[in-house]
Amino acid sequence: MLRFATITPQQATAARRGLWPRRGPSARVCGDVGKGFARCQAWLRTDVQGEIQPDTPGGYAPSDLQTAYGLTSDSETRGGGETVAVVDAYDDPNAAADLDAYRSRYGLPACTVSNGCFTKRQYTSHANTGWAAEESVDVDMVSAICPNCKILLVEAASPSIADFTTAERYATAHARYVSNSWGGNEGTTTYDGDYRISCGAIVAATGDHGYNAMAQWPAILPSVIAAGGTSLTSISPRVETAWSGAGSGCSKIYAKPGFQNGVNTGCSMRAQADVSADADPATGVAVYDTFHHGGWLVFGGTSVAAAVVAAALAVESTTGVDSPGNLYAQRSDFNEITSGSNGGCGVPLCTAGPGWNGPTGLGTPNGV
């Protein structure tokens with residue numbers, strides 16, 4: 001059983017300023033899975049926890065993330081016509097109430113079932129604490145970046161790739177922007193065609209294993225935007241490096257897509273990541289979850305990045321930056337990350353430098 005220390009107001013202030021210690025104990029909320037299944041990518045800080053409302057949360061707040069990624073003005077005024085779908089597994093029975101608590105604490109517009117802003121599509125009533133925590137991370141991060149967006153939470157019957165794909169079909173039929181904070185090693189191509197959207201974007205986490213010879217699916221699909229991770233150690237001025245845990249790798253199945261031609265990826269095939277956002281648990285985000293551990297928690301992982309990127313694209317939906325190809329055509333819309341590493345394979349697949357790199361791709365949102 002994980003145990004926690006309650007955060008102090010001083011710790012909360014330090015977290016929002018990006019002054020968390022560079023190393024902090026953390027743990028996955030989802031365990032290992034077998035072939036044909038995927039796991040969530042959220043990491044929980046195990047040394048900090050608030051209590052239930054109205055305690056001061058630790059970790060970055062919506063205003064911090066909006067400031068860091070140049071979205072403050074647009075987040076306040078845009079996104080009202082968009083829906084961001086979040087695809088996860090199993091049920092979180094507290095999802096609506098926890099989302100309301102998060103948004104209330106930060107003064108965000110109410111997003112409830114009754115006002116039509118929040119919708120949950122359940123494929124099972126079976127609840128799971130790890131996946132419930134992931135769901136809280138995802139809907140809170142969408143709220144943080146796009147408070148005017150509607151949120152569709154799609155709960156797959158299980159974390160099998162088959163069940164996830166059923167949920168993905170529903171998500172892409174009802175939303176233009178989809179966040180997938182889960183993944184597994186690439187292998188089967190059976191479901192690839194279900195991870196496409198004609199007008200919008202599907203985003204998926206690259207994983208939290210650092211550089212790996214086995215790329216993460218569905219993030220590695222050429223039709224999907226692969227979200228890597230950074231360590232966001234300061235908001236203003238923004239100080240951001242490649243996170244050591246951010247997943248990167250070269251596909252063994254998918255050819256190098258046209259949008260990566262002319263980009264030095266170190267791969268002859270499709271490479272990940274494409275873009276990124278804060279994912280380091282040591283510089284984590286505030287999340288409210290009462291089904292997993294009861295109150296304010298601090299999370300990291302590329303699951304955070306996937307939801308942040310999907311929501312940022314929804315905020316800026318009128319700019320046309322939505323498909324992987326469009327991202328590469330508009331590289332100036334991203335903060336280039338030029339330092340940090342996730343492994344020993346050098347520049348660019350493991351180590352950040354000028355241009356594209358494996359852990360962070362083109363960089364983090366800069367007003368997109």
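Which FRET efficiency value, to the nearest 0.05, do you get for Ser198 and Asn261 by plugging their Cβ-Cβ distance into 1/(1 + (r/R0)^6) with R0 = 30 Å?
On the way: r = 23 Å, r/R0 = 0.76.
Efficiency computed from Cβ-Cβ geometry: 0.85.
For Ala162 and Ile253, FRET efficiency with R0 = 22 Å and r from the beta-carbon atoms, rounded to 0.05? List each step's numbers first, then the result.
Numbers: r = 19 Å, r/R0 = 0.84.
The pair Ile253/Ala162 has a calculated efficiency of 0.75.
Enumerate the residues in the stretch 287-303 having an amide nitrogen under 15 Å from the point lying 7 Å beyond the Cα of Ala127 toward its Cβ.
289-295
Just to be sure I understand: with springs between alpha-carbon atoms less than 10 Å apart, which residue in Leu327, Leu232, Leu153 has the highest mean-square fluctuation in the Gaussian network model of the chain?
Result for the chain, Cα springs under 10 Å: Leu327 fluctuates most.
If you place +1 on the Cβ of every Lys and Arg and -1 on the Cβ of every Asp and Glu, how big does the dipole about the Cα centre of the stretch 9-365 come out, in debye to the nearest 20? Don't skip to the end; give the middle numbers.
Working: 22 positive and 33 negative charges, 126 e Å.
Dipole about the Cα centre, nearest 20: 600 debye.
Along the Cα→Cβ direction, 7 angstrom out, place labels at Asn366 and Asn326. What is the inter-label distance in nm?
About 2.0 nm separates the two model spin labels.
What ³J(HN,Hα) values, in whole Hz, does the Karplus curve 6.51 cos²θ - 1.76 cosθ + 1.60 give for the stretch 78-83 when θ = phi - 60°, with x put for Gly and Pro?
10, x, x, x, 10, 10
For Lys35, which aspartates and glutamates qualify as cross-link partners when the Cα separation must be under 17 Å and same-chain residues fewer than eight apart are set aside?
Here the aspartates and glutamates satisfying the reach criterion relative to Lys35 are Asp163, Glu186, Asp192.
Averaging over all projection directions, find the projected area of the Cα convex hull of the stretch 141-271 and quote it in nm² with one decimal place. Numbers along the way, then the final one.
Working: hull surface 37.3 nm².
Taking a quarter of the hull surface, the average projection is 9.3 nm².
How big is the dipole moment of the stretch 195-307 about its Cα centre under a simple scheme where the beta carbon of each Lys and Arg is +1, that of each Asp and Glu is -1, and everything else is neutral? Debye, nearest 20, please.
Here the stretch 195-307 has a charge dipole of around 460 debye.
Rounded to the nearest 5, what is the percent of antiparallel bridges among the DSSP beta bridges in the chain? All intermediate terms of the calculation are to be shown ahead of the outcome.
On the way: 26 of 58 bridges.
Roughly 45 percent of the beta bridges in the chain run antiparallel, per DSSP.
Per 0.36 nm of contour for each residue apart, how much would the distance between Thr72 and Ser104 grow if the chain were fully extended, relative to their Cα-Cα spacing?
Working: separation 32, 0.36 × 32 = 11.52 nm, distance 1.81 nm.
Full extension of this stretch gives 9.7 nm more.
Let me have the 222 nm mean residue ellipticity of the chain computed from DSSP H runs of 4+ only, each contributing -39500 (n - 2.57), with the sum over all residues rounded to the nearest 500. Present the calculation step by step, with values, prior to reporting the outcome.
Details: 8 runs with 83 residues, N = 368.
About -6500 deg cm²/dmol.
Rounded if a/c is under 1.5, else prolate if a/b is larger than b/c, else oblate: which is the chain, with a ≥ b ≥ c the root eigenvalues of its Cα gyration tensor? Walk me through the intermediate numbers first.
Values: a/c = 1.34, a/b = 1.18, b/c = 1.14.
Taking the square roots of the gyration eigenvalues as a ≥ b ≥ c, the chain is rounded.
Among the lysines, which have Cα under 28 Å from the Cα of Lys150 when same-chain residues fewer than 8 positions away are ignored?
Qualifying lysines at Cα under 28 Å: Lys120.
Rank Arg238, Arg78, Arg28 by mean-square fluctuation in a GNM of the chain with C-alpha springs under 10 angstrom and give only the top-ranked residue.
Arg238
For the stretch 9-365, what's the relative contact order in percent, using C-alpha pairs closer than 8 Å and at least 6 residues apart? Don't jump to the answer; show the numbers that get you there.
Working: 1042 pairs, mean separation 78.1, N = 357.
After rounding, I find 22 percent.
Going by amide H atoms built from the backbone, whose H comes under 5 Å of the H on Arg39, apart from near neighbours?
Answer set, sorted by chain and number: Gly183.
Readers should treat all values here as calculations from the given coordinates under stated rules, not as data from a laboratory. Since the model is a prediction, treat every value here as computed from it, not as a measurement. Don't worry about glycine lacking a Cβ; one is built from the backbone with ideal geometry, like all the others, and counts go over all protein chains shown.
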